[in-house]
């Protein structure tokens with residue numbers, strides 16, 4: 001379980017903060033904000049304190065099982081460090097969001113929408129930088145019928161995805177710093193485009209590979 005050590009610390013922090021904050025939470029806890037930073041969703045104190053830590057626990061268990069059940073489990077021997085870096089980053093991100101949401105309900109002076117935009121952007125930058133290290137598998141990365149059918153298509157697609165994810169993440173981080181609703185919309189649009197471009201690209205690369213002479217195909 002040392003591979004999940006940082007994620008485990010994040011989980012303990014989230015649970016500990018929930019236990020400490022619960023008696024002080026208002027009857028209605030704001031838990032969702034729109035693109036302009038206005039509250040548009042509330043939860044009960046129990047739900048606000050328990051849901052995200054519960055999700056973190058379930059995800060930690062799932063992430064621990066995935067390397068054992070993936071049909072291409074041998075890939076985790078090659079990208080295990082990258083996999084656990086991403087897992088710990090996701091759990092750390094969730095813990096940070098949880099603390100911010102409860103802290104906001106307790107009166108902390110912060111713009112949750114702004115901070116989350118910066119954090120999500122940073123997460124995308126991290127994923128983009130690690131993208132090319134991910135080997136073919138069935139659970140993480142850009143998994144399309146075309147990347148899963150060709151290791152060459154997988155490699156080229158993730159090279160493209162690394163670029164688009166980093167660029168989109170930087171835009172979203174800038175949008176969070178600026179704190180402007182229009183900029184946040186632009187950041188979200190960039191994230192959507194960054195996710196779709198590699199998918200479309202994987203089809204073109206696969207199509208090109210299929211049309212190549214047999215002697216010129218990878219592994220021929």
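Within region 186-206, identify whether any single residue is part of a loop (DSSP other than H, G, I, E, B) and in contact (Cβ under 8 Å) with a residue 12 or more places away in the chain, and answer yes or no.
Scanning region 186-206, I find no residue that is part of a loop (DSSP other than H, G, I, E, B) and in contact (Cβ under 8 Å) with a residue 12 or more places away in the chain, so the answer is no.
Scanning region 142-154 finds one or more residues that are in a helix (DSSP H, G or I), outside the structural domain of residue 15 (by TED's automatic domain parsing) and crowded, with 18+ Cβ neighbours inside 10 Å. Of 95, 48, 117, 21, all but one fail to be in contact (Cβ under 8 Å) with a residue 40 or more places away in the chain, assigned to a helix (DSSP H, G or I) and in contact with a strand residue (DSSP E or B) (Cβ under 9 Å, 6 or more places away or on another chain); the exception is 48. For region 156-179, the criterion of a residue being more than 18 Å from the chain's Cα centre (by Cα) and free of Cβ contacts under 8 Å to residues at least 12 places away in the same chain is satisfied by at least one position. Of the listed requirements (1) in contact (Cβ under 8 Å) with a residue 24 or more places away in the chain; (2) in contact with a helix residue (DSSP H, G or I) (Cβ under 6 Å, 6 or more places away or on another chain); (3) more than 28 Å from residue 189 (Cβ to Cβ), residue 67 misses just one: (1).
Here residue 37 clears all of (1) without any contact (Cβ under 8 Å) to a residue 60 or more places away in the chain; (2) outside any helix (DSSP H, G or I) except the condition numbered (1). I need the full set of residues from region 205-220 which are surrounded by fewer than 10 Cβ atoms within 10 Å (Cβ to Cβ) and either at pLDDT 70 or above or not assigned by TED's automatic domain parsing to the domain that holds residue 152 (or both), in order please. If the condition is that a residue be surrounded by fewer than 10 Cβ atoms within 10 Å (Cβ to Cβ) and either at pLDDT 70 or above or not assigned by TED's automatic domain parsing to the domain that holds residue 152 (or both), then 211, 213 are the ones that fit.
For the structure I just gave you, tell me whether residue 187 is assigned by TED's automatic domain parsing to the domain that holds residue 77 and more than 25 Å from residue 83 (Cα to Cα).
Here the answer is no, as residue 187 does not meet what is asked.
Selection over region 53-112 of residues that are surrounded by fewer than 19 Cβ atoms within 10 Å (Cβ to Cβ) and more than 20 Å from the chain's Cα centre (by Cα) gives a count of 15. Restrict the check to region 121-136 and report whether at least one residue is over 16 Å from the mean Cα position of the chain (by Cα), part of a loop (DSSP other than H, G, I, E, B) and either in contact (Cβ under 8 Å) with a residue 40 or more places away in the chain or not assigned by TED's automatic domain parsing to the domain that holds residue 94 (or both). Checking region 121-136: at least one residue is over 16 Å from the mean Cα position of the chain (by Cα), part of a loop (DSSP other than H, G, I, E, B) and either in contact (Cβ under 8 Å) with a residue 40 or more places away in the chain or not assigned by TED's automatic domain parsing to the domain that holds residue 94 (or both). For the residues 194, 175, the requirement of being more than 22 Å from residue 110 (Cα to Cα) and touching a helix residue (DSSP H, G or I) at 6+ places or on another chain (Cβ under 6 Å) singles out 194.
The values are calculated or read from the model by the stated rules, or taken from the named source; none is laboratory data. None of these values were measured; they are calculated from a predicted model. Please note: Cβ atoms are built from the backbone with ideal geometry, for glycine as well, and neighbour counts cover all protein chains shown.
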